[in-house]
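Trainee: The structure under discussion is supplied below as structure tokens; questions concerning it will follow.
None of the figures in this text is laboratory data; all of them are computed from the coordinates on show. Values in this document were obtained by computation on a predicted structure and should not be read as measured data. Note: ideal-geometry Cβ built from the backbone for every residue, glycine included; neighbour counts use all protein chains shown.
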Amino acid sequence: MFYLTYRPNKLEEIDNSNVQKTIESILKSKKLPHAFLFVGQKGTGKTSAARIFAKSINCLENSFAGKGTSVEPCNTCKNCHSIDKSSSSDVVEMDAASHRGIDEVRALIKESSLLPMHCDYRVFIIDEAHMITNDAFNALLKTLEEPPETVIFILATTNMEKVPKTIQSRCVIINFKKAKKDDVVKMLKRVSKAENLEIEPKLLELIANNSEESFRDAAKLLEELVIQKKLTFKEGETYLGILGKEHLLEVLHKKDLKETLTWIEEFSTAGGNVKYLIEQILEELRILLLAKNGIRKEEREPLNVNFSLIELSRLIKLFQEAYNNLKNTPVEIIPLEIAVVDFYNSRKN
Ligand SMILES: Nc1ncnc2c1ncn2[C@@H]1O[C@H](COP(=O)(O)OP(=O)(O)OP(=O)(O)O)[C@@H](O)[C@H]1O
Ligand SMILES: [Mg+2]
Ligand SMILES: [Zn+2]
């Protein structure tokens with residue numbers, strides 16, 4: 001799968017340029033902090049960056065081993081290899097979603113007192129750190145403040161508010177934010193090149209716009225388009241439900257039921273993806289709802305339609321329902337058609 005095959009493997013491949021620079025300068029400073037908190041939305045590179053960090057400081061062929069000036073991991077030495085394969089006893093990954101209790105954290109603390117076996121540093125990567133219970137966080141406090149010289153903790157979370165302030169203040173916080181469009185396009189170009197794909201640059205931008213600001217979602221979407229062989233901008237647009245001509249919501253606003261159902265039929269015949277279409281409609285409806293209340297979302301112009309507040313709320317409910325029903329229908333297009341029919345019926349009353 002693209003998103004696993006092209007997981008960043010070294011600093012240079014972290015396409016989130018701010019994060020890449022921050023981590024590189026920390027590595028170059030040589031005075032390493034002993035606890036980090038990586039904060040950011042799903043699929044923005046927290047886990048990948050934590051592994052790269054662990055490789056960099058333990059690599060046997062870079063400046064940490066006294067060879068040259070680069071802090072990049074070589075990805076070929078024994079240490080880099082074992083960290084990549086998750087077989088290093090010195091780099092421990094723990095998923096706090098399933099290991100959140102006091103006993104598990106105590107075991108981790110005990111383990112952190114052991115010296116590294118093959119590496120210079122032991123690195124503990126704690127994913128979903130916000131899931132750790134309060135007791136367990138308290139137990140961790142002292143170790144986080146003064147861990148053994150050779151230990152580094154990297155806590156990763158999508159939800160910083162749920163990490164106690166006392167923990168936050170003992171960590172160097174690196175904010176991965178949401179994936180920026182330009183950075184996502186950079187990642188998509190990297191993947192396309194490695195896969196020898198001929199893709200219109202405009203399509204890469206379209207994918208970036210439809211990836212919920214996540215590198216992982218973007219890589220998955222690119223792969224889906226490759227599998228479906230939709231590699232021109234036009235095909236991609238159709239597939240994603242952003243038909244070049246008129247948006248479904250515009251048709252719904254201006255035209256009658258027959259024309260709207262015809263639009264849907266054409267969309268379906270052209271091989272459009274219903275799930276993406278509904279996701280996109282819901283996103284547009286939300287923008288319209290905000291705009292109706294005087295709130296503008298940056299970068300996005302609302303569609304040129306004029307639904308009342310009541311209609312907007314009804315549409316959101318109907319399309320939300322259609323989305324949920326996608327899982328249970330033998331004919332994929334039916335929930336969407338029903339949503340539209342229900343909307344016209346409610347308009348008559
Ligand atoms: N900064 C990035 N540069 C390039 N690709 C990235 C980046 N971040 C994520 N990806 C892509 O997304 C995939 C998932 O990344 P990763 O597991 O590091 O994200 P995460 O922030 O830990 O997500 P989650 O919160 O869901 O665990 C990677 O395998 C890679 O394909
Ligand atoms: Mg992760
Ligand atoms: Zn190495």
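Trainee: Among SER17, ASN138, GLN168, flag the residue with its Cα farthest along the positive direction of the charge dipole of the stretch 2-177, charges on Cβ as +1 for Lys/Arg and -1 for Asp/Glu.
Mentor: SER17
Trainee: Give me the lysines in straight-line cross-link reach of LYS254: C-alpha distance below 25 Å, same-chain residues under 8 apart excluded.
Mentor: Counting by Cα, and skipping residues close in sequence, LYS254 has these lysines nearby: LYS234, LYS245, LYS275, LYS292, LYS297, LYS317, LYS348.
Trainee: Right, something else. Could you pull out every residue, at least 5 positions away or on a different chain, whose amide H is within less than 5 Å of the one on ILE126? Hs are placed 1.01 Å off N in the peptide plane, and Pro or chain starts have none.
Mentor: Residues meeting the amide H criterion: MET94, ILE154, LEU155, ALA156.
Trainee: Another question, if that's okay. Provide the descending list of Cα extents for the chain along its principal axes, expressed in whole angstroms.
Mentor: 73, 47, 39
Trainee: Still on this structure: Quick one: dipole size for the stretch 1-100, taken about the Cα centre, charges +1 on Lys/Arg Cβ and -1 on Asp/Glu Cβ, in debye to the nearest 20.
Mentor: With Lys and Arg at +1 and Asp and Glu at -1, about 180 debye.
Trainee: While we're here: Suppose R0 equals 30 Å. What FRET efficiency, 1/(1 + (r/R0)^6) with r the Cβ-Cβ distance, do ASN134 and GLU93 give to the nearest 0.05?
Mentor: About 0.85, to the nearest 0.05.
Trainee: Whole-Hz Karplus ³J(HN,Hα) for the stretch 33-41, in order, using 6.51 cos²θ - 1.76 cosθ + 1.60 and θ = phi - 60°, x for Gly and Pro?
Mentor: Result, rounded to whole Hz: x, 9, 8, 10, 10, 8, 10, x, 4.
Trainee: I've got another one for you. Let me spell out the model: positive unit charges on the Cβ of Lys and Arg, negative unit charges on the Cβ of Asp and Glu, origin at the Cα centre of the chain. What dipole size does that give, in debye rounded to 20?
Mentor: For this selection, approximately 660 debye.
Trainee: Continuing with this model, one more query. Return the FRET efficiency for the residue pair GLU283, LYS327: r is the Cβ-Cβ distance, R0 is 25 Å, and the value is rounded to the nearest 0.05. Walk me through the intermediate numbers first.
Mentor: Numbers: r = 20 Å, r/R0 = 0.79.
According to the calculation, E is roughly 0.80.
Trainee: Taking the chain as a Gaussian network, where each spring joins two C-alpha atoms under 10 Å apart, which residue of PHE319, PHE215, PHE153 fluctuates the most?
Mentor: Looking only at PHE319, PHE215, PHE153, the largest GNM fluctuation is found for PHE319.
Trainee: Moving on to the next point. Mind telling me which of SER112, SER86, SER308 comes out most flexible in a GNM of the chain, alpha-carbon contacts under 10 Å?
Mentor: Judging by the Gaussian network model, the answer is SER308.
Trainee: Okay, next question. Could you give the dipole magnitude of the stretch 184-240 about its Cα centre, charging the beta-carbon of Lys and Arg +1 and that of Asp and Glu -1, in debye to the nearest 20?
Mentor: Working: 10 positive and 11 negative charges, 42 e Å.
In debye, rounded to 20, the stretch 184-240 gives about 200.
Trainee: So what are the ³J(HN,Hα) numbers for the stretch 6-13, from phi and the Karplus equation (6.51, -1.76, 1.60; θ = phi - 60°), rounded to whole Hz, Gly and Pro as x?
Mentor: 9, 4, x, 10, 8, 3, 4, 8
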